[in-house]
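The values are calculated or read from the model by the stated rules, or taken from the named source; none is laboratory data. What you see is a predicted model, and the numbers here were worked out from it, not measured in a lab. Counting neighbours? That spans all protein chains shown, and the Cβs are built from the backbone with ideal geometry, glycine included. Only protein heavy atoms, including side chains, enter the accessible area calculation; ligands, DNA and RNA are left aside. Shrake-Rupley method; radii C 1.70, N 1.55, O 1.52, S 1.80 Å.
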Amino acid sequence: MTSRTAELAAFAAGLTFESIPPAVVQKAEDLLVDWFGSAVAGKGSRPVETIADFASSMGPAQGPDGGAELLVRRSFTSPYFAAMANAAASHVAEQDDVHNGSVFHPATVVFPVALALAQARGASGRQLLAAAVAGYEVGIRVGEFLGRSHYKVFHTTGTAGTLAAAATAGHLLGLDAARMRHAFGSAGTQAAGLWEFLRTAADSKQLHTAHAAAAGLMAAWIAKDGFTGAAEILEGPQGMAAGMSSDADPSRLDDRLGTRWALAETSFKYHASCRHTHPAADALLQVMQRDTLNPEDIERVVARVHQGAIDVLGPVKHPASVHQSKFSMGTVLALAARFGHAGLREFDEHYLDAPTQALRDRVTMELDPEVDAAYPQRWIGKVEVHTRNGRVLHGRIDDPKGDPGNTLSRDEITAKALQLAAWSGGADAREMRAAVDALWLVARWPRVGPLLARAPGAPHKP
């Protein structure tokens with residue numbers, strides 16, 4: 001019998017652009033533009049600049065012909081190092097996408113690889129998009145397969161993301177089904193990423209995505225040259241599930257391949273924080289708008305959450321950095337209450353304000369059976385707001401802003417990308433607008449060219 005791993009590899013190798021439904025292609029374009037904004041937002045971040053320094057020092061300096069663009073540096077290097085740095089850059093602002101059911105951030109490990117190899121190999125925009133769809137479909141299914149027990153300890157974007165990156169790279173490199181399976185084996189044996197970094201506000205989250213993208217690209221590249229990997233890296237007795245999960249579900253690996261498009265289920269991020277905070281933030285905003293509350297009216301807030309939120313957010317009691325504050329439920333709800341949105345500038349300028357800290361410390365999380373039972377397929381937001389005048393108000397959101405049922409329009413995605421670039425200074429308004437306008441037409445590009453690294457004032461020529 002053909003294994004599920006083999007079926008998944010064959011799907012990733014054999015996928016064609018023409019077989020992808022138009023609505024899925026359109027969503028892939030949406031996700032690409034959304035990712036690009038997050039990647040540009042990484043400029044200036046200390047962890048990102050450190051990894052970019054490493055990539056620039058270790059990787060060969062190249063021109064656009066045969067090289068790949070390191071976005072935060074406007075320079076060219078090998079695809080391996082460009083993918084590494086761009087993956088780190090696109091995960092730091094906490095604005096990249098998320099797939100609910102797998103609790104996985106696909107864009108930050110898929111698009112850096114797709115862009116780097118497409119630029120270096122002169123691939124078309126359609127080839128880039130098809131490879132990205134392959135990466136999303138593989139990574140999401142691997143994340144679902146590994147299950148909730150995996151996510152309790154492992155950062156799924158670092159683990160499943162390695163397979164997603166390998167599928168993306170393997171597709172662009174033209175691997176057949178057998179070699180794609182070898183790429184999966186080499187990717188899976190390198191999969192890594194532990195949540196322990198949150199306790200001390202360490203920089204590891206950017207390392208997770210950088211490593212996943214680069215390791216997946218390497219796995220596919222060496223498979224092209226005949227390097228073999230474990231045939232059953234996912235389901236085998238000493239494979240990923242055996243070592244990283246206690247509730248793995250192999251049926252998720254080949255779930256309706258070719259008919260269920262998991263990429264279309266992916267959500268955009270509205271607040272600039274861990275996605276586990278978004279449902280409660282939206283529910284709190286619902287209460288404040290419906291009942292015309294001011295932040296000063298709030299005595300305390302109980303966020304009713306799933307266990308995954310407690311596992312990830314629970315260790316962060318008193319955030320010591322902007323990035324750590326994005327994993328603090330209290331900080332996120334306090335900023336949302338004060339400003340109507342927990343955005344990048346709100347975190348940068350106000351996460352340690354006395355009013356923010358005061359409200360932060362009056363927020364608690366409690367496990368809610370309904371919310372927990374629905375997770376991870378649905379991320380329900382429920383809050384209980386106690387006011388200073390003795391009222392108890394309840395809020396509930398079934399589709400947080402950015403979910404497929406409450407998604408962002410293309411105008412909203414464009415505006416978000418422009419705001420991200422302005423926040424980091426990674427691109428000025430004119431050049432960011434030109435790059436985004438060009439990216440909306442990516443399916444028409446005969447060859448993928450530079451997005452930002454070109455002569456000032458030169459037109460975009462994909």
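Tell me the angle of helix 4-14 to the major Cα principal axis of the chain, expressed in degrees between 0 and 90 and rounded to the nearest ten. It is inclined by approximately 70 degrees. According to the square roots a ≥ b ≥ c of the eigenvalues of the Cα gyration tensor, what is the shape class of the stretch 83-148, taking rounded for a/c under 1.5, prolate for a/b larger than b/c otherwise, and oblate for the remainder? Oblate. With a simple spin-label model that places each label point 7 Å from the Cα along the Cα-to-Cβ direction, the separation between residue 58 and residue 353 comes to 4.1 nm. For the peptides 339-348, 26-35, 386-395, 43-52, residues were scored by their other Cβ atoms within 10 Å and the scores averaged per peptide; the highest-first order is 26-35, 43-52, 339-348, 386-395. For the stretch 124-279, the fraction of C-alpha pairs more than 29 angstrom apart is 14%.
For the chain, the fraction of 1.4 Å probe accessible surface lying on carbon and sulfur atoms is 53 percent. With helices as the sole contributors, the chain gives -16000 deg cm²/dmol at 222 nm; each DSSP H run of n ≥ 4 counts as -39500 (n - 2.57), and the sum is divided by every residue. For the stretch 3-120, the solvent-accessible area works out to 26 Å² per residue, with a probe of 1.4 Å and every protein chain left in place. According to the square roots a ≥ b ≥ c of the eigenvalues of the Cα gyration tensor, what is the shape class of the stretch 293-336, taking rounded for a/c under 1.5, prolate for a/b larger than b/c otherwise, and oblate for the remainder? Verdict is oblate for the stretch 293-336. Angle, helix 177-188 long axis vs. longest principal axis of the chain, Cα atoms, 0 to 90°, nearest 10? With rounding to tens, the tilt is 50 degrees. Modelled spin-label separation between residue 251 and residue 299, with each label point placed 7 Å from Cα along the Cα-to-Cβ direction: 4.8 nm.
Between residue 361 and residue 321, what FRET efficiency comes out of the Förster formula 1/(1 + (r/R0)^6) with R0 = 22 Å and r the beta carbon distance, rounded to 0.05? Efficiency at R0 = 22 Å is approximately 0.80. For the stretch 166-206 and the stretch 378-444, what is the separation of their Cα centres, given in Å? After rounding, the separation between the Cα centres reads 27 Å. Relative to the dominant Cα principal axis of the chain, helix 79-89 is inclined by about 10°. Solvent-accessible area per residue in the stretch 128-209 equals 25 Å², computed with a 1.4 angstrom probe and all protein chains kept. Measuring how big the chain is from its alpha-carbon positions, Rg and Dmax come out at 21.2, 71 Å.
Taking a Cβ cut-off of under 12 Å around residue 400, the surrounding Lys, Arg, Asp and Glu residues balance to a net charge of +2, with basic ones at +1 and acidic ones at -1.
A straight line joining the Cα centroids of the stretch 6-43 and the stretch 290-306 runs 38 Å. Put a dot 7 Å past the Cα of residue 17, heading toward its Cβ, do the same for residue 199, and the two dots end up 4.9 nm apart.
Per residue, the stretch 265-411 exposes 39 Å² of accessible surface when a 1.4 Å probe is rolled over the protein heavy atoms with every protein chain present. The slack in the chain from residue 447 to residue 292, taken as 0.36 nm per residue of separation less the alpha-carbon distance, amounts to 50.5 nm.
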